[in-house]
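Quick notes on the structure that follows.
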Amino acid sequence: TVTVTTPHEGTRRVELQTGTSLMEGLKDAGIDIAAICGGACSCATCHVHLDPARMADLPPAGPEEQELLGDLDDYRPDRSRLSCQIPVTDALDGLSLSLAP
Ligand code: FES
């Protein structure tokens, strides 16, 4: 279960299934996340800000993700990730995140 804050819907708790990506899990839960490229790591519209204290629990961003993130206006090195590049595992349990503006 993660806690998600969105600009229009406020904060809700979302149950995620392992074996998907964070982006897919959020979409399945009805969260309005654009994810235009469908998880191909090319659009950056699945950008999320994570609780900085939990960043180290996740597999690090690869070079393509890092490059896309670095070009974003609301990139925050201590909390930005592309949600399509984060596999859902137990490591996400209890995580707080918000959709980037
Ligand atoms: Fe396009 Fe994540 S969905 S980069």
Can you tell me which residues in the range 41-76 are within 13 Å of the ligand (Cβ to nearest atom) and either acidic (D, E) or exposed (fewer than 11 other Cβ atoms within 10 Å of the Cβ) (or both)?
E64, E65, E67, D71
Within the range 87-96, can one find any residue that is within 12 Å of the ligand (Cβ to nearest atom), at pLDDT 95 or above and not basic (K, R)?
no
Within the set of pairs 6 or more residues apart or between chains, which connect a residue that is without any contact (Cβ under 8 Å) to a residue 24 or more places away in the chain and over 23 Å from E67 (Cα atoms) inside the range 18-43 to a residue that is among the basic types (K, R) and near the ligand (Cβ under 10 Å from one of its atoms) with Cβ atoms less than 6 Å apart?
none
Please find, within the range 69-101, the residue that is nearest to the chain's Cα centre (by Cα) out of those that are in a helix (DSSP H, G or I), free of Cβ contacts under 8 Å to residues at least 40 places away in the same chain and closer than 16 Å to M23 by Cα.
L69
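The values are calculated or read from the model by the stated rules, or taken from the named source; none is laboratory data. Please read all numbers here as calculations on a predicted model, not as lab measurements. Counting neighbours? That spans all protein chains shown, and the Cβs are built from the backbone with ideal geometry, glycine included.
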